[in-house]
Amino acid sequence: MRKNNIINKLSKEEIHVINLMKNKLNELGVRGYIVGGAVRDILLDKEIKDIDICITCNPMCIINQLKEVKSFKYYKKFETSTIIFNNGIEIDLIRCRKESYSYPGVLPEVIPSSIEDDLYRRDFTINSIAYNIIGNEIIDRHNGTNDLELKKIAKVHDNSYTEDPTRIFRAVKYSVRYNFGLEDIDEIKDNLQNGVLKFISNDRIMREIILLCEEEKWIRNILLCKKLGIFNINKELLGKQNDLCNYSDINHRIINLFLSLRDREDRNIFTDNSVLNRKLKEALVKYNIEIEKVSHFTCKTIDNFIIYDVLKNLNEYELILYSFDYKNKYKIYNYLNNLKNIKLKIRGNEIKELGINEGKKIGNILKYLLKIKMNTMIANEENLLKRNLGEILNGVEHKN
Ligand code: ATP
Ligand code: MG
């Protein structure tokens, strides 16, 4: 591990931005540190995702004087900011802080403080390594570099998982991503058994689940969650091949995970949150309510029109949900590949020309023709209508 060579691992553009920051920090006599994921991933010789920098003053003092800033966002309450530079590099710039939790699971109170306090508030030792931009040195109060070598995920401070139970999901993520051991596995299991996740909102849980699903090894993340006692999972279904499901789409992974959950309580997290894509959430909610009804239709019938009539009301996500049941699968393929594209050539006007004026009756005739077309696959319904007008009218009237 090249402990002092952190900067050299960055791109030319990133180094340029760090140098801009360094000059300004020097000028103002403020300390600044690269922290968290960037330092961890550089030490692991991996690509970095984003750069977080902690400074010992309010970010606006720096941003106001920095050159080459294209745009920025500043959040006064937490003294955090995101800056985009002219060369496209994005930096999260925050003030060093100390956190205190009044109750388990609540969001912390934040007080400006030193880098040492800032590293102490972090989740894992491997995420609590800082690089002093001006002094060119690593600050590693919690032996994070050692844990990187030992390949372990370990909390920084006591009560870490009760203070903020989302750290349990984060532990899963890093353990699977880097193939590291979970030092706190027993403590995590105990906390889960004591219901620690009840202290946080569905939104916060869902956000963590999405992050787990975004990882390349998402299935292993979920299996580790199962092992820890977070979810009760049907392993047969998890990641199951399905022609309608494209697992490079995160929403499709979420659908598959939702179906793999055995407990209603777990599924409720997916249906009762404000985080998931609206259309996807609607699909999950509707699926929970209508599964019986839809399964009944699609299982019992081989009538193409009925299949069409039920499935046409479902959005793309609902179709994927139902297609995991082999009894529906081929009906859904039939719907998507054939039935959905069948359109009547004949228009209402042409029926009118045959002397039928009542709008509702015309609508019913069109529906009747579509039904026949779908079930017989006839190409030209116009002839059919003309030749069998009496019978069709009878059928339509009889039905009403
Ligand atoms: P990733 O590669 O997954 O983005 P990261 O380390 O950059 O990893 P972020 O979620 O972007 O992770 O958070 C940045 C840093 O903030 C972390 O490295 C960690 O030090 C700290 N952090 C984030 N979430 C928490 C938390 N819930 N509790 C304590 N510290 C946290
Ligand atoms: Mg990050």
Counting just the residues of region 303-344 that are without any contact (Cβ under 8 Å) to a residue 40 or more places away in the chain and among the acidic types (Asp, Glu), which one comes out surrounded by the most Cβ atoms within 10 Å (Cβ to Cβ)?
Glu318
From the list Lys386, Lys373, Lys367, which residue is closer than 23 Å to Asp303 by Cβ, open to solvent by 30 Å² or more (accessible area, probe 1.4 Å) and charged (D, E, K, R)?
Lys367
Any residue in region 263-275 that is over 8 Å from Asp203 (Cα atoms) sitting within a Cβ distance under 9 Å of a residue that is hydrophobic (A, V, I, L, M, F, W, C) and in a loop (DSSP other than H, G, I, E, B)? List the pairs, counting only those 6 or more apart or interchain.
Asp263/Phe231; Asp266/Ile230; Asp266/Phe231; Phe270/Leu276
List the number of the failed condition for Ile18; all other conditions in (1) touching a Phe, Trp or Tyr at 6+ places or on another chain (Cβ under 9 Å); (2) more than 16 Å from ligand 2 (Cβ to nearest atom) hold.
(1)
Contacts under 9 angstrom Cβ, first residue in region 48-74 being under 23 Å from Ser11 (Cβ atoms) and in contact (Cβ under 8 Å) with a residue 60 or more places away in the chain, partner part of a strand (DSSP E or B) and away from ligand 2 (no atom under 16 Å from the Cβ), 6 or more apart
Ile53/Gly32; Cys54/Gly32; Cys54/Arg95; Cys54/Arg97
Going by what's in this entry, would Ile34 be described as more than 10 Å from ligand 1 (Cβ to nearest atom) and assigned to a helix (DSSP H, G or I)?
no
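One line per residue, one yes/no per condition, for (1) outside any helix (DSSP H, G or I); (2) within 17 Å of Lys173 (Cα to Cα):
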| residue | (1), (2) |
| --- | --- |
| Lys226 | no, yes |
| Lys235 | yes, no |
| Gln241 | yes, no |
| Phe258 | no, no |
| Val275 | yes, no |
| Lys279 | no, no |
| Asn288 | no, no |
Matching residues in region 201-244 (open to solvent by 40 Å² or more (accessible area, probe 1.4 Å) and aromatic (Phe, Trp, Tyr)) number 0
Need at least 1 residues that are within 13 Å of ligand 1 (Cβ to nearest atom) and out of contact with any Cys (no Cβ under 6 Å at 6 or more places or on another chain) per element, so show me which helices (runs of 4 or more DSSP H) inside region 46-162 make the cut, counting only ones lying wholly within it.
115-120, 144-150
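The values are calculated or read from the model by the stated rules, or taken from the named source; none is laboratory data. The structure presented is a predicted model; accordingly, all values stated were derived computationally and were not measured. Counting neighbours? That spans all protein chains shown, and the Cβs are built from the backbone with ideal geometry, glycine included. Heads up: the accessible areas ignore ligands, DNA and RNA and are worked out on the full protein's heavy atoms, side chains in. Shrake-Rupley method; radii C 1.70, N 1.55, O 1.52, S 1.80 Å.
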